[in-house]
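Bear in mind these aren't lab numbers, they're just calculated from the coordinates by the rules spelled out. Model, not experiment: these values are computed from the prediction. Using ideal geometry, Cβ is built from the backbone for each residue, glycine included, and neighbour counts are taken over all protein chains shown.
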Amino acid sequence: MNLPPEISRRALALRDQLNEHNYRYYVLDEPSIPDVEYDRLFRELQALESEYPELLTEDSPTRRVGGRAENSFAEVQHRIPMLSLDNAFSADELREFDRRVRERLDIDGEVEYVSEPKLDGLAVSLHYEEGVLRLAATRGDGFTGEDITENIRTIPSVPLRLRGDNLPAVVEVRGEVYMPKEGFARLNRELEARGEKTFVNPRNAAAGSLRQKNPRVTAKRPLELCAYSVALEDESLLPDTHWDCLQLVKAWGFRINPQMGRGPGAEACLAAYDALLTQRDALPYEIDGIVFKVNSLKLQRDLGFVSRAPRWAIAHKFPAQEELTEVLDVEFQVGRTGAVTPVARLKPVFVGGVTVSNATLHNMDEIARLDLHVGDTVFIRRAGDVIPQVVRVLAERRPADARAVIRPETCPVCDSEIVQVEGEAVARCSGGLYCGAQRREAIRHYASRKAMDIEGLGEKWIDILVDQDKVQTVADLYRLTVDELKTLDRMGEKSASNLVNAIAASRAPELWRFIYALGIREVGEATAKALANHFGDLGPIAEADEDSLQAVPDVGPVVADHIVRFFRQAHNQETIAALQAAGVRWKTLEVAAGGAQPLAGSTYVLTGTLSGMNRDEAKAQLEALGAKVSGSVSKKTTAVVAGEAAGSKLSKAESLGVPVMDETAFMAFLATHQQA
Ligand code: 5U1
């Protein structure tokens with residue numbers, strides 16, 4: 001067949017690209033494309049070479065098993081080459097594999113397969129002599145690997161000595177070294193906190209950790225090993241099936257995959273694939289597919305190998321969790337709490353089983369860390385239910401017209417100032433109740449049980465009222481009429497009247513509820529109570545400066561700053577005035593100089609778990625009323641508050657005759673004193 005020049009050029013380009021990617025992946029541990037793209041390029045070259053065999057060259061990446069070995073570790077020659085696996089990307093390709101197996105074996109019936117999750121890690125070979133680990137090697141190029149014995153020895157799930165009697169004189173066990181999801185996330189957090197480079201995925205982290213020159217570093221990395229094959233000099237000493245081989249390996253002290261299964265024919269394999277795919281996100285480690293192996297070792301031997309893979313095994317790949325795409329723009333979204341988050345608008349890409357066109361960039365620090373520009377090509381990762389992440393920018397593909405990302409000074413929704421508190425990564429719109437993006441959340445919070453407690457005004461009705469523009473700020477709630485509400489779909493006369501009554505009933509709240517209902521950042525229920533007890537009215541709080549606010553228990557510099565900023569905003573003042581105009585009158589409290597301190601001079605001890613608030617909140621509320629909270633019970637203790645599972649402090653109180661309040665009594669006690 002005539003070889004068109006563009007085909008030769010394409011094959012050459014593919015070979016160059018694949019060699020470069022192999023080098024980055026295997027030698028540098030810095031992949032610049034996701035596996036799926038590598039697979040696509042690889043398959044394209046394979047297809048060209050099979051259509052035009054004259055294209056095949058000795059150095060074609062399709063002819064090698066893996067990448068090159070890095071030369072900084074001692075070389076190890078694999079006595080039995082460490083092959084890779086062929087891939088199936090669809091049910092049809094899997095059925096085709098099974099058909100080839102049966103045809104080659106000349107079997108009419110079904111072949112039994114073992115299925116094992118394909119862990120996303122690094123293949124390693126472990127040599128034991130007289131039961132003792134003597135050598136561990138990476139796969140390298142499949143023929144020559146690297147001696148990583150010292151690093152492997154640091155992995156707790158690798159037996160340094162095999163268990164049991166009758167151990168073979170020499171045995172080689174192979175498996176995958178991987179990093180569980182949780183350990184990976186923790187490691188990246190630690191690296192980020194130290195300002196070091198993070199890893200793009202758990203497999204990369206495992207590879208980087210195994211390549212450490214200093215085994216002490218490897219020892220700190222959360223690596224695990226899962227064994228998946230065994231080889232003996234004398235194969236006749238092995239059991240007859242792969243399944244039994246793995247049971248033997250397990251008896252020697254290795255971890256094998258608990259999700260293994262076995263069954264007849266392609267359809268059993270496909271059922272195992274479906275079942276594992278549904279479990280994928282819940283597994284504690286990442287998998288990129290499922291491996292099927294002919295169970296009988298005799299049949300495996302009959303089938304043999306092709307150049308780079310056994311004929312008796314295949315990896316049925318899951319949808320890729322990493323892809324490449326372009327950043328079309330970066331926009332800033334205002335969340336329900338006012339957080340201003342940069343979001344990358346992406347060229348749509350299919351990843352992790354869905355089409356992704358947006359990815360959160362979290363904050364400006366993250367953009368700086370990634371060095372992300374509009375126009376960049378980026379590595380997107382979507383593992384499980386997690387929102388898609390941009391994990392790396394391919395700076396080498398940055399176009400000349402790429403532009404830097406600049407955060408706006410004002411809120412894109414309400415034009416209020418965007419504020420970033422020093423030391424915090426998140427920037428926030430300061431519009432509060434006034435900002436359209438925060439309106440729904442502001443109303444939901446205002447109406448919630450712990451705030452104004454407006455019964456019947458749930459999220460569903462809030463959405464409808466906001467969508468139909470009937471309510472813009474919380475003050476508008478008090479203008480709603482039965483006639484107006486009746487016009488809403490599925491709102492009858494009775495519900496409308498109940499809702500109007502519930503709203504009206506909220507016109508005389510306790511002061512702390514009203515403060516809490518305003519939704520000032522970081523002013524929770526306990527702080528609202530402390531503020532109410534200290535100041536007695538809203539006016540003094542609105543006028544207080546940071547210093548006087550910090551005189552309130554539970555209020556530190558950050559909270560004081562939020563309170564001052566809140567009351568400084570003209571639109572927040574307007575909303576409060578509108579609420580007063582609508583008839584809202586909070587109950588003021590008599591306060592002594594320095595705040596109402598009805599519990600001054602008393603000492604309380606908290607023990608056990610309270611269901612309604614945590615220990616810090618309970619402490620803050622007692623302190624706000626002037627009480628001291630102590631960690632130990634003595635005769636001088638005024639009372640002990642005993643939650644669930646209270647232990648020795650409760651017994652001590654009982655033995656000393658100190659009064660004890662359970663949670664119900666404590667809540668009633670607080671309510672009484674806070675109203676006092
Ligand atoms: N679970 C599993 N992963 N894995 C990877 N089994 C398995 N077997 C492999 C590889 C490369 O290779 C043998 C089938 C040769």
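Things worth noting here:
- Among the residues making up the stretch 639-655, a single one is of a type in the set (Asp, Glu) and under 37 Å from the mean Cα position of the chain (by Cα): GLU644.
- Flag if SER229 is assigned to a loop (DSSP other than H, G, I, E, B) and within 16 Å of the ligand (Cβ to nearest atom): no
- Counting only helices (runs of 4 or more DSSP H) that sit completely within the stretch 571-676, those holding 1 or more residues that are farther than 20 Å from ASP554 by Cα correspond to 648-656, 663-675.
- Flag if GLU176 is in contact (Cβ under 8 Å) with a residue 40 or more places away in the chain and of a type in the set (D, E, K, R): yes
- Some residue of the stretch 105-114 being under 20 Å from ASN22 (Cβ atoms), among the acidic types (Asp, Glu) and away from the ligand (no atom under 12 Å from the Cβ): no
- Within the stretch 196-213, the set of residues being in a helix (DSSP H, G or I) and in contact with a Leu (Cβ under 8 Å, 6 or more places away or on another chain) comprises ARG203, ALA205, ALA206, ALA207, SER209, LEU210.
- Residue that is in contact with a strand residue (DSSP E or B) (Cβ under 8 Å, 6 or more places away or on another chain) and within 16 Å of the ligand (Cβ to nearest atom), where the choices are PHE318, PHE379, PHE332, PHE350: PHE318
- Among residues of the stretch 257-282, those that are in contact (Cβ under 8 Å) with a residue 60 or more places away in the chain and either in a loop (DSSP other than H, G, I, E, B) or within 15 Å of LEU94 (Cα to Cα) (or both), counted: 12
- Residue ID - surrounded by the most Cβ atoms within 10 Å (Cβ to Cβ), chosen from residues in the stretch 631-660 that are touching a helix residue (DSSP H, G or I) at 6+ places or on another chain (Cβ under 6 Å) and among the aliphatic types (A, V, I, L, M): VAL641
- Extreme residue, nearest to the ligand (Cβ to nearest atom), among residues of the stretch 232-264 that are under 16 Å from VAL171 (Cα atoms) and among the aromatic types (Phe, Trp, Tyr): PHE254
- Checking VAL386 against (1) more than 22 Å from ARG203 (Cα to Cα); (2) free of Cβ contacts under 8 Å to residues at least 40 places away in the same chain, the condition it does not meet: (1)
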